[in-house]
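The structure under discussion is supplied below as structure tokens; questions concerning it will follow.
Read the figures in this text as sums done on the coordinates, not as results from a lab. Remember, predicted model here, so these are calculated numbers, not experimental data. Cβ: placed from backbone, ideal geometry, glycine included. Neighbour counts: every protein chain shown.
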Amino acid sequence: MEDDVVVAIGPQSSGIAHVISHVVNELHVPLLSFAATDPSLAALQYPYFLRTTQSDYFQMYAIADLVEYYGWREVIAIFVDDDYGRSGISILGDALSKKRAKISYKAPFTPKAPNTTINDLLVKVNLMESRVYVVHVNPDTGLNIFSEAKSLGMMTSSYVWIATDWLPSLLDSSETVDTDTMNLLQGVIALRHHTPDTDLKKKFMSRWSGLKNKSSASFNSYALYAYDSVWLAARALDAYLKEGGNISFSNDPRLHDTNGSSLHLTSLRIFDGGQQFLQTILGTNFTGVSGQIQFDKDKNLVDPAYDILNIGGTGSRRIGYWSNHSHLSIISPEILHSKPSNTSTSNQHLYSVIWPGEITATPRGWVFPNNGKPLRIAVPNRVIYEEFVSKDSGPSGVRGYCIDVFEAAINLLPYAVPHTYILYGDGKRNPVYDDLVYSVAANKFDAAVGDITIVTNRTKIVDFTQPYMESGLVVVAPVKELKSSPWAFLKPFTVEMWCVTGGFFLLVGAVVWILEHRINHEFRGPPSQQLITIFWFSFSTMFFSHRENTVSTLGRLVLIIWLFVVLIINSSYTASLTSILTVQQLTSRIEGIDTLISSTEPIGIQDGSFAWNYLIDELNIAASRLVKLKNHAEYTIALQRGPNGGGVAAIVDELPYIELFLSSTNCKFRTVGSEFTKSGWGFAFQRDSPLAVDLSTAILQLSENGDLQKIHNKWLTRSECSMQINQVDSNQLSLMSFWGLFLICGIACFIALTIFFCRVICQYRRFSPEAKEGDVEEIDLPRSRRTMRTSSFKDLIGFVDRKEAEIKEILKQKSSDRKRQASHSSDGQSNSPS
């Protein structure tokens, strides 16, 4: 740097790049690095540092996508303890946290560490749970890790090894790789910078192969970036000079030599056009042998991408790509860049992998630690409802329905799960289940097995399995038998139903009378007799005992439809009344949770239940109203005494407990209202525990093959009783159930009446005599009109009241008279003189 320098290319180490970046910052000289991949070099404190390769920031996000793609939740990071290693692993931790995964352990070692140190490190990580290792080291010590892992048996099935770009760079730098080295790497997944297979790259490789006296027979991606870095500096300098840029230097008064120093700081000079030249470089855009050379706003190369390799046999094969545009894909990034970005889970694809141990099934990625510690499982030490879980004198120390479900699920797993049960609670009262869950989250236990309800505040701190039993809060209250009433025969129908039904009986009777009155002698007679006929006919149809015959077509149509409606109503009434009179009717003044919320009476709660917090926090019930009950006897006594005798108005508890309680009390109490929460019981594990996922699958399998029901029948089968009280109102039939029938009947009556009156009006017009001209000329006009209307309406009523047979006879006679008159008139005209 003592010479006048306008641009620097290199170095190949991230650590040295940190040091040199401070120097070039002072001298305003752009630094183009084709190998320093440390993400922290992109900080604002290094404005003159330009990375002409891909940052490890993108590589770590590619690894995080791989971890998510294969469903792993934890990885162990093995890295060199320098700026390059620490910064890369730090970015990996951030990337994994966004995928709900994490680095379970960081295993650093010093640069050029001896094999004994590496061996000790691998022995330590081999005792841990995770079997997914990310190796981010320098090429000089990287192969030593795999050599030691091979000797420790860590390159077999169930292990996953992911290497960053150092491994493909090392393998690509050698013309041939010896067999022993490849045997160390079988099944390893590695990432390599993606460089498109362009014609320019092929031409360059051809020229390289034709060179003589070359020191290396092959080259890696960093060599391509180095070649493009030189061209970038040349193109930018040419553009800078064409733009009128001047190459001049000036001394920095802050730089001076100290006594005895050999650094010659006074000879270092500042490049006056450094800032302008830096902007020229950032604006340069060309296609190199490594791909598109163009910088984004963060001074990174555009379109970062990696090849994902699976090492096997004597080489490696590409199983896919990763790009910042679409993440994992089997389609090359150049094609994907021309399409809209799609990073959805369903769009992530890779070819199959041959893993260590020559297996094709994706490894689970974790095992139980080899440190001899079994799984610590907390079990609530219950003093009530011990059928679910309780202390036992057997080898396991616990027993119950929940324990049998857990053991059955564990036996379905394809691997052994060493575990030990630890009772939680003093055995004198039920433990507080929230505290039990918090203990699991605080790493006091690895899991909790029992009747643990899955509620929101618990899911925030632990992971639950699939629910193995449905649950929910219900209300239990004292009930009394409802005595029979002398008016019980009215209860099958609601008031509205009775009114509408009676109205239709009268309506149908009136319609049938209208339709039959003119042609049926049974519907004729004095007005009082006709009124009685209407009422008798209407209500006699209820029992199908009407004696009057219907002769008109319209009357028969209405009657048939009405008899069908009556049949349905009679059948429904009979069934409802039978149910009311024969089934035991129970009632309670507590109708459900809404009644309890609106009252001020005490409510019973099982000791240790989550219902305490739920009623206070969610339903705003005062804590002073809640009474903790510790056993069955307290349940029964509290309900029998009631709120006035020092007991409770009702008990709020979970449905599985209530089923056992009701059966143990010979069904003296009942649930009222409906289940007002929906939840379930599950097994609690620490966050991100892979065992929770596997056990969920096992529980589903138990449910599908019927074993879960068999365990339920073993522990929880009791005498059955009706859970809920019978509400009388629920047995009443309302108008809502029959309005369709009434609508059909009403429409039939309307249509029949419309046709009937149309026929009557037509007959009346034919029957009514025509007014003669001049008959009303001498009468006062207004008075005559009123008289004519009154007489016309009376005539119409009289016409309707007459028998239809008489009307037809009169109309027939009038028709004959008209024909006779017409005949006489025509004869008179023919005999008159012309």
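How do the peptides 104-112, 130-138 rank, highest first, by the average count of neighbouring beta carbon atoms within 10 Å per residue?
Working: 104-112: 16.0, 130-138: 23.3.
Top of the packing list down: 130-138, 104-112.
So if we plug the beta-carbon distance of ALA234 and VAL302 into 1/(1 + (r/R0)^6) with R0 = 25 Å, what FRET efficiency do we get, rounded to 0.05? Please list the in-between numbers first.
Numbers: r = 20 Å, r/R0 = 0.81.
Approximately 0.80, to the nearest 0.05.
Suppose we look only past 22 Å in the calculated P(r) of region 326-475. What percent of the Cα-Cα pairs does that tail hold?
So the portion of pairs separated by more than 22 Å is 57 percent.
Take peptides 25-33, 330-338, 618-626 and line them up by average Cβ neighbours within 10 Å, highest first, as a rough protection proxy.
25-33, 330-338, 618-626
Once the Cβ-Cβ distance between SER97 and VAL500 is put in as r, and R0 is 60 Å, what FRET efficiency do you end up with, to the nearest 0.05? Walk me through the intermediate numbers first.
Numbers: r = 67 Å, r/R0 = 1.11.
With R0 = 60 Å, the Cβ-Cβ based efficiency is 0.35.
Next question, about the same structure. Work out, step by step, the length gained on full extension between ASN246 and GLN45: first 0.36 nm times the residue separation, then minus their alpha carbon distance; give nm to one decimal.
Here the segment from ASN246 to GLN45 would lengthen by 69.8 nm.
Now for a separate question. May I ask for the net charge around ASN246, where only other residues with Cβ less than 13 Å from the Cβ of ASN246 are counted and Lys, Arg are +1 while Asp, Glu are -1?
Net local charge, ASN246 excluded: -2.
Turning to a different aspect of this structure: Given R₀ = 41 Å, FRET efficiency for TRP487-LYS710 by Cβ-Cβ distance, to 0.05?
Numbers: r = 50 Å, r/R0 = 1.23.
It comes to 0.25.
Another question about this same structure. Quote the charge dipole size of region 1-157 about the Cα centre in Debye, to the nearest 20; the model charges only the Cβ of Lys and Arg (+1) and of Asp and Glu (-1).
Rounded to the nearest 20 debye, it is 840 debye.
Using a cut-off of under 13 Å, list every residue of region 606-650 whose amide N is near the label point 7 Å from the Cα of ASP435 along the Cα-to-beta-carbon line.
Residues 608-609 qualify, since their backbone N sits under 13 Å from the label point.
What nm value, rounded to one decimal, do you get for the distance between PHE676 and SER599 when each label is placed 7 Å out toward the C-beta?
Rounded to a tenth, the inter-label distance reads 1.2 nm.
Taking the Cβ of ALA17 as the center, what net charge do the other residues with Cβ under 12 Å away carry, scoring Lys and Arg +1 and Asp and Glu -1?
-2
If you count, for each residue, the other Cβ atoms within 10 Å and average over each peptide, how do 158-171, 388-401, 699-712 line up from highest to lowest?
158-171, 388-401, 699-712
Please list log₁₀ I(q)/I(0) at q = 0.17, 0.20 Å⁻¹ for region 1-45, using the Debye equation with identical point scatterers on the alpha-carbon positions.
-0.43, -0.59
When Lys and Arg each count +1 and Asp and Glu each count -1, what net charge do the other residues less than 9 Å away from GLY604, Cβ to Cβ, add up to?
Taking every Cβ under 9 Å from that of GLY604, the sum is -1.
What distance in nm separates the simple spin-label points at THR116 and GLU26, each placed 7 Å from Cα in the Cβ direction?
4.2 nm
Which semi-axis lengths, in whole Å and largest first, follow from the square roots of five times the eigenvalues of the Cα gyration tensor of region 1-140?
33, 18, 10
Next question, about the same structure. How many angstrom lie between the C-alpha centres of region 558-578 and region 290-364?
Here the two parts' Cα centres lie 74 Å apart.
Related question: Hull surface divided by four, with the convex hull built on the Cα atoms of region 335-398: how many nm²?
Projected over every direction and averaged, the Cα hull of region 335-398 covers 10.7 nm².
Testing the spin-label approximation: label points 7 Å from Cα along Cα→Cβ at GLN279 and THR156. State their distance in nm.
So the label points at GLN279 and THR156 sit 6.4 nm apart.
Please compare each pair in LYS98/LYS297; LYS678/LYS710; LYS391/LYS630 to a cut-off of 20 Å on the Cα-Cα distance and tell me which ones are over it.
Beyond 20 Å between Cα atoms: LYS98/LYS297; LYS678/LYS710.
Now for a separate question. Between region 391-466 and region 61-112, what's the alpha-carbon centroid distance in Å?
Answer, in whole Å: 32.
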